[in-house]
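The values are calculated or read from the model by the stated rules, or taken from the named source; none is laboratory data. Fair warning: this is a prediction, and the values are worked out from it, not measured in the lab. Ideal geometry is used to build each Cβ from the backbone, glycine not excepted, and the neighbour counts take in all protein chains shown. Surface accessibility is based on the protein's heavy atoms, side chains included, excluding ligands, DNA and RNA. Shrake-Rupley method; radii C 1.70, N 1.55, O 1.52, S 1.80 Å.
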Amino acid sequence: MSALEPKIKDIFYSFIVTSPVSYECKYHGVRRDVRKFLDGFLFGTATASYQVEEAWNEDGKAENIWDHLTHTQPCIIKNCSNGDIADDSYHLYKRDVEMMRELGLDFYRFSLSWSRILPTSFPDKINEAGVQYYNNLIDELLKYNIQPMITLYHWDLPQKLQDMGGWTNPHIVDWFGDYARTAFQLFGDRVKYWITINEPYQVCNMGYGDVDLAPMLNIKGLAEYMCAKNLLLAHARAYHIYDEEFRSEQGVIFISYSAQWYEPSSENDTEAANEHNDFQWGQYTHPVFSVTGDFPPSMKKKIAAKSAAQGYPRSRLPEFTPEEIEYIRGSSDYFGLNHYSTYLVYRNESVYGYYESPSFGDDLETLTYRKSEWKIGESDFIKYVPWGFQKLLTKIRRDYNNPPIYITENGFATYGGLNDEDRVTYYKGYLNAMLDAIDDGSDVRAYTAWSLMDNFEWMDGYTERFGLYEVDYESPYRTRTPRKSAFVYKQIVRTRELDWHYEPDTDVMSIDEGH
């Protein structure tokens, strides 16, 4: 097992790693059927603009990179689907808020569409219709005491900016700063929670260094690192604009990371797992939350050595100046964390020559796998490994001096249906693991279920369903129906308790005022 955890937990972890269901009831041999959340703990749900809004070209909205990708290469997405026909939240936002009232949420995390607000990509022209949509949504939320939590960027870059290099163009630091300032000015009088950028790894490594997300540049070993530097500087620019110009009147601002847990496959793979965590999410968290700032030392060392051996005159990982390191370091009020699952990591002779060179994979030189017994339900998308969640939260606490954490995404995919027992199991197990981490001292303050409702799941289209509410895409009104997990989540939010044995009456989802 990993040296990252105290030895007292070794027996416990060796048991639950092969028996996921056991995690439901016991921790260190103590039965915990009902567990309380701390006073002031916040619960919410999340969506993102391209995934739910629809109305891709209505009321002056301009094209973004997902519009462009799905229209120029339509069948690169499963079932040739796109966000043109999604959940129609652009028109049905009142039903969305009604669902939040049914659940009793404290907050709703959603993202702004950059190209809906600024159709030229710049603040020379503000699209009033787009602004009005977000004003309507914000006001409807506040009417029922649900706090808006706005993500400035959730993957849908204006296509015009992509044509100019997107996140590999250093001018994007200014472009993003101008966009952020505009959003603060338009909505900041009512919005107290801001997230700058969602999941930097996915933006850069999957969109620029690979073909897993738009814009699918696939310039391996180069573009993802250029993107990483510029994205971190752009995030910091938005943070400092907020801190210097809006902080006194508003709330908090932070960045949201995708961080899965990478566990050594054996005692001999500890270094490989540590490096995998450094490369996969540490490259974006270390510059912001570590004492020293900058990219992780292991990453700088390995990429510099690889680059030299490949004949490059300098490291393919761009360097930060001392001033840039200080500009980025500390530029987040909270640690926003999106977490879904865990992987086992190993390194042996088979990895050498396995990846293209140069590439992120070749720089890292590790391989991963997941155990078959971690699967619950039909989907292979997410595996049930709650103990990895606790280990991740523990590492964040130890490495970064216990920053306040907002879980900004956590959820489970199914193939549809209202009786989503597997999703219920997943949520209970991961909330339980989170409570274990809190008991150990992690400063976790909020939890966000992904997602409020089914939505466009990027390259998987509508085949993977994450919603607490099922969406009928055949209905012209995009009918939303609560699944069993919605009733269970409502009970957790209302009682502020995790009750393993709660079985809801799923006949009627009503609105109960207050908690």
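Here is how the numbers come out for the structure above:
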item	result
Out of Leu468, Leu498, sole residue that is among the aliphatic types (A, V, I, L, M) and farther than 21 Å from Tyr144 by Cβ	Leu498
Condition met for Leu118 (within 28 Å of Glu474 (Cα to Cα), of a type outside the set (Ser, Thr, Tyr) and touching a Pro at 6+ places or on another chain (Cβ under 9 Å))	no
Counted residues, the stretch 229-266 - those being more than 21 Å from Tyr406 (Cβ to Cβ) and free of Cβ contacts under 8 Å to residues at least 12 places away in the same chain	2
Pair list, Cβ < 6 Å and 6+ apart or interchain, from the stretch 407-425 residues that are within 10 Å of Ser379 (Cβ to Cβ) to residues that are open to solvent by 30 Å² or more (accessible area, probe 1.4 Å) and of a type in the set (Asp, Glu)	Tyr415/Glu378
Pairs, first under 24 Å from Arg445 (Cβ atoms) in the stretch 92-112, second open to solvent by 10 Å² or more (accessible area, probe 1.4 Å) and part of a helix (DSSP H, G or I), C-beta under 7 Å, six or more apart	Val97/Glu140; Glu102/Lys490; Leu103/Lys490; Gly104/Lys490; Gly104/Arg494
Number of the exception - Ser307 against (1) touching a residue at least 40 places away in the same chain (Cβ under 8 Å); (2) in contact with a helix residue (DSSP H, G or I) (Cβ under 7 Å, 6 or more places away or on another chain); (3) over 24 Å from Tyr343 (Cα atoms)	(2)
Extreme residue, nearest to Tyr427 (Cα to Cα), among residues of the stretch 333-361 that are in a loop (DSSP other than H, G, I, E, B) and among the small types (Gly, Ala, Ser)	Ser341
Close pairs from the stretch 186-213: first part of a loop (DSSP other than H, G, I, E, B) and at pLDDT 95 or above, partner buried (at least 20 other Cβ atoms within 10 Å of the Cβ) and β-branched (Val, Ile, Thr), Cβ under 6 Å, at least 6 apart	Arg190/Ile138; Val191/Ile150
Long-range neighbours under 8 Å by Cβ, at least six apart or interchain, first residue on the phi > 0 side of the Ramachandran plot within the stretch 438-462, second surrounded by fewer than 23 Cβ atoms within 10 Å (Cβ to Cβ) and of a type in the set (Gly, Ala, Ser)	Gly461/Ser81
Output for the stretch 304-328, where each listed residue is among the charged types (D, E, K, R), within 23 Å of Ala236 (Cα to Cα) and open to solvent by 60 Å² or more (accessible area, probe 1.4 Å)	Glu319, Glu323, Glu326
Residues located in the stretch 152-185, provided they are within 16 Å of Leu233 (Cα to Cα) and either of a type in the set (Ser, Thr, Tyr) or part of a strand (DSSP E or B) (or both)	Leu152, Tyr153, Thr168, Tyr179
Given (1) at pLDDT 95 or above; (2) touching a helix residue (DSSP H, G or I) at 6+ places or on another chain (Cβ under 9 Å), index of the condition Asn218 fails	(2)
Selection count, the stretch 479-499, where residues are open to solvent by less than 20 Å² (accessible area, probe 1.4 Å) and either touching a residue at least 24 places away in the same chain (Cβ under 8 Å) or over 16 Å from Gly417 (Cα atoms) (or both)	9
Residue among Ile492, Ile511 that is in a helix (DSSP H, G or I) and either at pLDDT below 95 or over 20 Å from the mean Cα position of the chain (by Cα) (or both)	Ile492
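Rundown of residues vs (1) open to solvent by 10 Å² or more (accessible area, probe 1.4 Å); (2) over 20 Å from Leu42 (Cα atoms); (3) of a type in the set (Ser, Thr, Tyr); (4) modelled with pLDDT under 95, yes/no style:
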{"position": "Trp374", "(1), (2), (3), (4)": "no, yes, no, no"}
{"position": "Tyr384", "(1), (2), (3), (4)": "no, yes, yes, no"}
{"position": "Arg397", "(1), (2), (3), (4)": "yes, no, no, no"}
{"position": "Asn419", "(1), (2), (3), (4)": "yes, yes, no, no"}
{"position": "Ser442", "(1), (2), (3), (4)": "no, no, yes, no"}
{"position": "Arg445", "(1), (2), (3), (4)": "yes, no, no, no"}
